[in-house]
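The values are calculated or read from the model by the stated rules, or taken from the named source; none is laboratory data. Keep in mind the model is a prediction, meaning the values are calculated, not measured. Don't worry about glycine lacking a Cβ; one is built from the backbone with ideal geometry, like all the others, and counts go over all protein chains shown.
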Amino acid sequence: MLAFIKNMFASIILSFFLFFQTSPTTAQQSPPRPTPTPSIAEFLNTLTAETKHSIRVGGRQLNYTVTTGFMPLTNGQTGETEAKIFYIAYTLDDENASVNKSNRPLMFSFNGGPGSASVWLHLGALGPKRVKMLDDGLMPPPPYQLVDNEQTWLTETDLVFIDPVGTGYSRAMKPELASKFFSVNGDIESVGEFIRLYLGRNERWSSPLFLVGESYGTARAAGLSNHLFERGIGLNGILLVSSVLNFQTIRFAEGNDVTYPLIFPSYTATAWYHKRLPANLQSKPLRQVLDEAENWAIKEYAPALVRSDRMSASEKQTLLEKFSSYSGLSRTFIEQNNYRINLDAFNKELLRDQRRTTGRLDSRFTGIDRNAATDNPETDPSMNAIRPPYTATFNDYVRRDLGFRSDLEYYILGGGINAPWNFNVSQGYANTAANLQSAMQKNPFMKIFVASGFYDMATPYFATEYTLAAMNLDSTLRRNISVSYYEAGHMMYIEKNSLRKLKEDASAFIQKSIQK
């Protein structure tokens, strides 16, 4: 029988050989077949890279390894791989790390959106390379460059940058599975599963563990704090950069008056920066002016919104005078808007007489609209300043330096989440502050660091203060929260001085969080 099988196999091979030897004309005349485009599933199965690098920081040489690749997420019941998450991990190779790697801190980083890749914190503040912006954070002329980041957090901790499903190169394996990940809860569960898998595959369960999130990434981090704890993963610390945990605080919606007093000090900061305040306020330091604006917003403006049309004529006049004084807006404009100025209206109105708009992510930035008479800015000048440099430099860096090549589009901000995001609330607003509160009660050793920019209009600093206060933490837990402010915007690290201050603050926080 074995001899028969061998003879049959030999005959088949001979037949193929004779065919190609006797049909040269046919083979030559057949047009070459185009190389098939690999499917997303095939692409996600094939690419990974590991490279070695070094950088000098403050006289110290850091040798490090960068691992670039995918983590599969598998359905525990069916065994089907449902998605793959793209990540870039930086691990230090110096002698101390190699002796006992498990003692070195490990930090997981992600950005916001939802729909944003991790590139902003990665190439803006934390990684050993950063996008070169002008010193004040404005966009430089192209072509854009990456430079060594002397403020890298790699001096303190290993870093893992995570692109949640629908961002960066991360994809669901089938289109019909994508919506499973496009929700508050689905996002937390999938990123939590990534973290669990990473700890196991890289033997880092004993490392001091940290999360850092920016914007919507802070809501993700707060949600993860409790999710991970319930799965046996206790965190040493969480860093919230430009925070939003309670979405009621930033949504301008009919009947939601909470937002207006909470963003008002940011209006004051913006008007101060652009020199639109009265001389008696303009001459004062920013922090002093903000103290006054905050006090007015809490004690006078918020109560006035509660009373609305029950205010007397004199009360309305007093409100108009103070509102105008602290915002730089005209009394007529304020009154016409019923004392409720949403963000788009403010950004369009403040510098309208100069035919300029102010930025949402960073209100120091100004833009030029085609039509100065419209109600809302046409674009966000602060987003315009950062998107091209970060997109171009990442796509060059991941190929040229990290050896990871792909024709798949890297979704840096939007494009990868096609379905509406599910905030998992039937009424009201998503609020992961409750998750964070629960985690802090269960893990009293976990520390929280909050970084806020005075010129951040997307996630106003005063709204963050309100959210933290409304958690009603026990005093023994409240002291685990530290807050720092920066004279910059949502991405405060694009401004040179704020980049340095953020690194100093983060280093002190990490050291404090791992002290026994």
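Observations on the structure shown:
- Applying a threshold of 7 Å to beta carbon distances and a minimum spacing of six or more residues, or different chains, the list of pairs starting in the range 170-189 at a residue that is in the same structural domain as F423 (by TED's automatic domain parsing) and surrounded by fewer than 22 Cβ atoms within 10 Å (Cβ to Cβ) and ending at one that is charged (D, E, K, R) and part of a helix (DSSP H, G or I) reads G186/K180.
- Some residue of the range 182-195 being closer than 24 Å to E487 by Cα and at pLDDT 95 or above: no
- Filter result for N418 (part of a loop (DSSP other than H, G, I, E, B), on the phi > 0 side of the Ramachandran plot, over 17 Å from the mean Cα position of the chain (by Cα) and of a type outside the set (D, E)): no
- On inspection, R204 passes the criterion of being more than 25 Å from E409 (Cα to Cα), basic (K, R) and in contact (Cβ under 8 Å) with a residue 12 or more places away in the chain.
- Within the range 349-365, the set of residues being touching a His at 6+ places or on another chain (Cβ under 8 Å) and assigned to a strand (DSSP E or B) comprises T358 only.
- Residue check, L199 touching a residue at least 12 places away in the same chain (Cβ under 8 Å) and either within 15 Å of T432 (Cα to Cα) or assigned to a strand (DSSP E or B) (or both): no
- Within the range 129-148, residues that are at positive phi sit with their Cβ atoms under 7 Å from residues that are surrounded by 19 or more Cβ atoms within 10 Å (Cβ to Cβ), at 6+ positions apart or across chains, in these pairs: G137/D362; G137/A488; G137/I494; G137/E495.
- Contact map, the range 468-487: first residue under 23 Å from F454 (Cα atoms), second residue of a type in the set (K, R) and modelled with pLDDT of 95 or more, Cβ cut-off under 8 Å, separation 6 or more or different chains; pairs are N480/K447; I481/K447; S482/K447; S484/K501; Y486/K501.
- Residues being touching a His at 6+ places or on another chain (Cβ under 9 Å), buried (at least 22 other Cβ atoms within 10 Å of the Cβ) and at negative phi - total across the range 192-237: 1
- Residue selected from the range 290-345 under the condition on the phi > 0 side of the Ramachandran plot and under 36 Å from the mean Cα position of the chain (by Cα), by the criterion surrounded by the most Cβ atoms within 10 Å (Cβ to Cβ): G328
- Meets criteria (among the small types (G, A, S) and part of a helix (DSSP H, G or I)) for S406: no
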